[in-house]
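Written out below as C-alpha cells is the structure these notes cover.
The values are calculated or read from the model by the stated rules, or taken from the named source; none is laboratory data. Fair warning: this is a prediction, and the values are worked out from it, not measured in the lab. Cβ placement follows ideal geometry from the backbone for every residue including glycine, while neighbour counts extend to all protein chains displayed.
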Amino acid sequence: MEHPLTPLLKKDFDFAAALHLLNRAGFGGTPQQVQALVEMGLDGALDVLVEYDTSEPRKPGERSETEPPRDRGPLFANGEFRPDVLREPTPEEREALRRARTQGDEETIARLEAMRQQRERDDRAQLALMQKSWLQRMIETPRPLEEKLTLFWHGHFATGYRTIENSWHMALQNEMFRRYGSGEFQTLVRGIISDPAMLRYLDNNQNRRRSPNENLARELLELFTLGEGNGYSERDIKEGARALTGRTYRGNDFFFDKDQFDAGPKSILGKNGNLDGNAFVAAILERPECPQYIARKFYRFFVNDAPKLSRDGEECVVRLAQEFRRNEGRIRPTLRTLFRSRHFYAPENRLAVIKSPTQLMVQTVRSLGTPPREMKSLIDAGDLMGQQLFQPPSVKGWDGGRAWINTATLFVRQNIVIYLVTGRRPQGFDWSESEMSYDSLPLVEHLRDARGGLETSEAMRVLASFALGGSVAPERLAQLEAFLDNLDSSGRATAITNDRIKALLCLIGAMPEYQLC
C-alpha cells in the first residue's frame, strides 16, 4: 500500500487541486487566485499559504488587483478595543462601597452598582464588536491559514464568553492562538494553562492546595492533549490538579500564587517529584497518545470529517502522528507535509468536509466575490447555524461534521447565501430580471475577456463546477438548465449577465453539495 503522505506529483496540481487546497487551508478564493496558485506549483503555493509569516513582502504599491488586503497586524491589540472595560473596582470604590453598606447609604450603593452594570454592558458590546472584527478579518486576510488555525484552536481549546464574562480575556486568548497557532504545540499547551480566559472558564482560579479543583487537569488530558480515557488514569487527573494549584490571574495577567501551590511530591504519568504545571505539561507531551490525538483532530478538520474514517484515513492519521512527533510537535511542517500528500487530494477526500457556518459565510464572500454585507447579520446567522464566535457550546467545542446540518440550520445556510449574493432577504423574492439591480459579480470575467463572450449554458457549467468545488452531477446541471429556461421564457437571452450569475449562484448555494468543501 502506498504511503499516505507520499507527495502529490507536480503534474497533478491542477486547478481543481489548487481550489481544494485553498478551501481547506483557508476559506477559498476567486478563480484568479486559484489559478495563481496553479502557476506557482504545489511547493510555491504552500510557501504562500503555510509559510505566511516568512514569505518576502511586496514593495509598497506592488499589490495586484486580485490580491486581498494586507495583514492588519494584531486583531484586538490595536487601540480599537480596550483592556479595561471590565475593570475591577478601584480601592476608592471598594472603600466607598464598604462605608455605604456600613452606613446604610442606599443611594451610594445604587450608584456604584449602576456603574458596575454599565461596565458589564460595555463589555458585552465590546465582545459583539470583536465577533464582527474577527469575521471581517477572516474575509479580508491575505494569510487565510493563520485565521483557519486560529478558528481551529478556538474550537480545540474551547472557551466561552458567557462563563468568563470578560471580552479582553477572550481577546488575549484569540491573539495567542493567532500568534502560536502554526508554531509548537507545547507552546500552545503551556500558554493555555497560563491563560486568564481558560483559568476562569475551568475554575482554576479556585484551584488551591487545600482544595484542589480538577476541572483544568481533567480537560487538559481528556480534550486538549490525549483524548478521553487515553493513556491516563483518575489518579493522574488528581495529581495533575495539584500540579496546577496556584495558577490564577490578576486583572488581565497570569499570576502564580505560590502560597496556594501544593509543593508536595506528586506522581503524574510516570513522572515523580514536586511537579508544577509546566512539568505536568512536559509529562503529557512525552506520551505517544498525544501526537496520535492531535493528528486525528487535524485530519478531521482539514481532510475528512466522516464519523468513521476509511482504512486509508486511519493509516494517514498514524503516519501524520509520526510526522508530528518527528517534527517535535511543530505544527507548520506537519501541515505542510499533509497538504503536499496524495492522500489529501484523493477523490474520496474532495468535498468530504461539511463547511462550518463560519467557513460557509467566509468562503462564499471570498470565492464568489460577494460583498460581505452587514456583519451583524452574518454573526446572527452564524449563531442560528450553530457557531457563535467566542461562544462554543461547551469545553468540547463544536462537534462539527454532520452535527452542523439539520432542518433548521439548512434553511438558514441556504438563505445566508442568497443574502450574500443579492443583499436581500429571501422572503417574497422575485427572480424576474427587472427586479434585479445589485452589485456586479464578475465571476466569469476571466473567460469573457479571453473569448469576447460566454453563452449562458457554458457559464452555468463553469459557475457550478467552481462553486461546488468539482465535477457536477448531470441532474444538477439539468436543474440549472430548467431554471434558466424558466427565466428565458421568451427564448431571447443566450448571453450571460450579472443578474443571471446571481440567480444561478442562489440556486447552486441551495444545493446539498454547496455545504461541502
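Does Leu221 qualify as being closer than 28 Å to Thr150 by Cβ and modelled with pLDDT of 95 or more?
When the stated conditions are applied, Leu221 passes them.
Restricting attention to the stretch 295-329, and to residues there that are aliphatic (A, V, I, L, M) and buried (at least 17 other Cβ atoms within 10 Å of the Cβ), which single residue is nearest to the chain's Cα centre (by Cα)?
Per the stated criteria, the residue is Val303.
Do you know which residues across the stretch 389-423 are farther than 17 Å from Thr159 by Cβ and of a type in the set (A, V, I, L, M, F, W, C)?
Selection gives Ala403, Trp404, Ile405, Ala408, Leu410, Phe411, Val412, Ile416, Val417, Ile418, Leu420, Val421.
Can you tell me how many residues within the stretch 359-377 are under 25 Å from Arg402 (Cβ atoms), touching a Leu at 6+ places or on another chain (Cβ under 8 Å) and surrounded by fewer than 24 Cβ atoms within 10 Å (Cβ to Cβ)?
2
Name the residue, out of Arg162, Arg143, Arg178, that is over 14 Å from the mean Cα position of the chain (by Cα) and basic (Lys, Arg).
Step by step, each of Arg162, Arg143, Arg178 is checked, and only Arg162 is over 14 Å from the mean Cα position of the chain (by Cα) and basic (Lys, Arg).
Hey, among Glu95, Glu88, Glu80, Glu107, which residue is part of a loop (DSSP other than H, G, I, E, B), out of contact with any Lys or Arg (no Cβ under 8 Å at 6 or more places or on another chain) and more than 30 Å from Gln387 (Cβ to Cβ)?
Step by step, each of Glu95, Glu88, Glu80, Glu107 is checked, and only Glu88 is part of a loop (DSSP other than H, G, I, E, B), out of contact with any Lys or Arg (no Cβ under 8 Å at 6 or more places or on another chain) and more than 30 Å from Gln387 (Cβ to Cβ).
Answer yes or no: is there a residue in the stretch 2-22 that is crowded, with 18+ Cβ neighbours inside 10 Å and hydroxyl-bearing (Ser, Thr, Tyr).
No, the stretch 2-22 has no match at all.
Tell me the helices (runs of 4 or more DSSP H) entirely within the stretch 132-204 that contain at least 3 residues that are in contact (Cβ under 8 Å) with a residue 24 or more places away in the chain and in contact with a Ser or Thr (Cβ under 8 Å, 6 or more places away or on another chain).
Per the criteria, 144-156, 167-180, 196-201.
Show the residue pairs meeting these rules: Cβ distance below 6 Å; 6+ apart or different chains; first residue within the stretch 462-489 and within 13 Å of Pro512 (Cα to Cα); second residue polar (S, T, N, Q) and surrounded by 15 or more Cβ atoms within 10 Å (Cβ to Cβ).
Val472/Ser465
For the stretch 27-47, which positions are crowded, with 19+ Cβ neighbours inside 10 Å and under 14 Å from Arg336 (Cβ atoms)?
Listed by number, the residues that qualify are Leu42, Ala45, Leu46.
For the stretch 226-236, check the following and say yes or no: at least one residue is buried (at least 21 other Cβ atoms within 10 Å of the Cβ) and among the polar types (S, T, N, Q).
No, because not a single residue in the stretch 226-236 is buried (at least 21 other Cβ atoms within 10 Å of the Cβ) and among the polar types (S, T, N, Q).
Does Glu80 qualify as being of a type in the set (Asp, Glu) and in contact (Cβ under 8 Å) with a residue 60 or more places away in the chain? Quick ask: steps written out before the conclusion?
Values: of a type in the set (Asp, Glu): yes; in contact (Cβ under 8 Å) with a residue 60 or more places away in the chain: no.
When the stated conditions are applied, Glu80 does not pass them.
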